[in-house]
Number of protein chains: 2
Amino acid sequence: MATDFGNFFKSAFTVDNVIFGFDEGDLKVLLIKRGEEPFMGDWALPGHFVYPAEDLDTAAIRVLEELTGLNNVYLEQVKTFGAVDRHPFGRVITIAYFSLIKISNYTIQSSSIALQAQWHSISQVTELPFDHMVILQSCLNRLRWLLRLRPVGFELLPPKFTLTELQHLYEAILETDLDKRNFRKKILSMNLIIDLDEMQEGVAHRPARLYKFDRKRYQQFLEEGFSFELKETRKKERISRSQLLSADQ
Amino acid sequence: MATDFGNFFKSAFTVDNVIFGFDEGDLKVLLIKRGEEPFMGDWALPGHFVYPAEDLDTAAIRVLEELTGLNNVYLEQVKTFGAVDRHPFGRVITIAYFSLIKISNYTIQSSSIALQAQWHSISQVTELPFDHMVILQSCLNRLRWLLRLRPVGFELLPPKFTLTELQHLYEAILETDLDKRNFRKKILSMNLIIDLDEMQEGVAHRPARLYKFDRKRYQQFLEEGFSFELKETRKKERISRSQLLSADQ
DNA sequence: GTAATTAGTGTACATTTTACACTAGCCCTT
DNA sequence: AAGGGCTAGTGTAAAATGTACACTAATTAC
């Protein structure tokens, strides 16, 4: 169980975390300015070595929390990257995670790493050190994939949101236009968001209704298990297969 | 770039490969009888250390080829497992792959490892060393998921197959019954299989037609890119979104 | 030639997806 | 307070897809 730290740079593993946020109608990713070689001073994905007595998920959670102060956020392992020459100093494989956070909850941490962190619009990130561009792209694909299948969009919005905001989020991430009426019909038919009977304030036009995600109801469905393929249909109260949800590992 | 082999057991990474096959109407997995401690003599997933100058995919391909003599098969990284105590001798994380092979092409290799390999029906594998049961389950979920979305079933069948065989494969993997007429309608409407105008031989009943997978046509669609969400529809010759295919990374 | 066995086929209905354009409500200006 | 500017909010019809369901056809074995 003992690990020789002196050999870390010869054969080691790290986690890299693609932290997505959504703001100003734009999908963003949190990057840090590297404080060490190689690529010191460049913007890169936040990552760190996995400690010897630390599980992979734990390491990813740690990196996220040190950077953002947030825990209990959506986090998922995506893929492991281990090309022989991906790190100039030795053989380092990295397990890529992505997480979804509400930028509104995010406050800059005082850790020296976190002070160097900044949100970047996805569309403007064109160059990253190591194989980080590939990792980013991979996580982005996964996010798009997931967004079609699961109600994860809510993770990126403040607790109260309007349907238009939600639609803009879908449009920004999927890079497509959606029909307003069809989008609302579909979202509402999921029965996973609750009308708060509150209105937007401080806008210079007709205010929109505010909604929140019905996390309890979603949990319930997850726990009951999806049984899409079964022939018998619980008539009411059933989330149909089409409704952005799907059974998965 | 140098790696200290003496430290391999202190902090190392391996690949484990879940090799699926299909035979006698049953989904199978290829297991090896371990020739070394720990768990010597137990059936386990085939795996191996990743060599210092070897990419992860390469390592997975190597393990597969040494065991089966096959290359150029469907192989995909699934997930990395790295619980601190998953290996009793030290910190070993493993990158899990799964591959799909045609059992009909499989011949036992003469390597000492391969001699100890055997196909096991998935349903009868109930206990495996390390966290291999979790890995197997994870790959199985991925396979099921994939089978709904992509035409990967063909990878498990001999080059010529009948529609009934294909249906049985879907039923076995998805653990569900499918309607014969609807299944055929759907499969044929994909236009991804070619009617060979040949008949089954040596069966004691009406012989079925033989088909083969139209790999070229599938490649073509992959290369053209899926553009499901676009509004304009190439009227004919288009694979619709519903047809077991989907855009993914 | 007949029994046994699997192959092969069509139709009607339900559900889901898609396309599409106008009215409603609030704020700000004048 | 009337009107302009802006975003919110709503319904319907047609097309595509999914689902349920039962009989005839072709071959072999006896």
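Consider only pairs whose beta carbons are under 8 Å apart and that are at least six residues apart or on different chains; among these, list those whose first residue lies in segment B:56-84 and is assigned to a strand (DSSP E or B) and whose second residue is aromatic (Phe, Trp, Tyr) and crowded, with 16+ Cβ neighbours inside 10 Å. Between residues of segment B:56-84 that are assigned to a strand (DSSP E or B) and residues that are aromatic (Phe, Trp, Tyr) and crowded, with 16+ Cβ neighbours inside 10 Å, the close pairs are B:75/B:97; B:75/B:98; B:76/B:97; B:76/B:98; B:77/B:97; B:78/B:97; B:78/B:98. The lone criterion from (1) away from chain B (no Cβ under 12 Å); (2) buried (at least 21 other Cβ atoms within 10 Å of the Cβ); (3) among the hydroxyl-bearing types (Ser, Thr, Tyr) left unmet by residue A:97 is number (1). The residues in segment B:106-126 that are touching a helix residue (DSSP H, G or I) at 6+ places or on another chain (Cβ under 8 Å) and not hydroxyl-bearing (Ser, Thr, Tyr) can be counted, and the count is 8. Residue A:174 meets all of the listed conditions (1) assigned by TED's automatic domain parsing to the domain that holds residue A:105; (2) among the hydrophobic types (A, V, I, L, M, F, W, C); (3) within 16 Å of DNA strand C (Cβ to nearest atom) but one, namely (1).
Just to be sure before I move on: is residue A:100 farther than 30 Å from residue A:219 by Cβ and not hydroxyl-bearing (Ser, Thr, Tyr) in the structure I sent? Taking the combined requirement at face value, the residue does not satisfy it. Would you check if residue A:38 is farther than 30 Å from residue A:177 by Cα, modelled with pLDDT under 95 and touching a Ser or Thr at 6+ places or on another chain (Cβ under 8 Å)? No; evaluated as a whole, the condition is false for this residue. Contact annotation: residue pairs with Cβ atoms under 6 Å, 6 or more positions apart or on different chains, pairing a residue in segment A:25-43 that is surrounded by 15 or more Cβ atoms within 10 Å (Cβ to Cβ) with a partner that is among the small types (Gly, Ala, Ser), are A:26/A:121; A:27/A:172; A:28/A:21; A:28/A:121; A:30/A:117; A:32/A:117; A:34/A:44.
Only one of the listed residues (B:93, B:61, B:103, B:135) is closer than 30 Å to residue B:183 by Cα and in contact with a strand residue (DSSP E or B) (Cβ under 7 Å, 6 or more places away or on another chain). That residue is B:103. Across segment A:78-94, the qualifying residues are those that are more than 7 Å from chain B (Cβ to nearest Cβ) and over 27 Å from the mean Cα position of the chain (by Cα), and the one among them that is surrounded by the fewest Cβ atoms within 10 Å (Cβ to Cβ) is A:85.
The values are calculated or read from the model by the stated rules, or taken from the named source; none is laboratory data. Predicted, not measured: the structure shown is a model, and the values here were computed from it. Here Cβ is always computed from backbone atoms with ideal geometry, including for glycine, and neighbour counts include all displayed protein chains.
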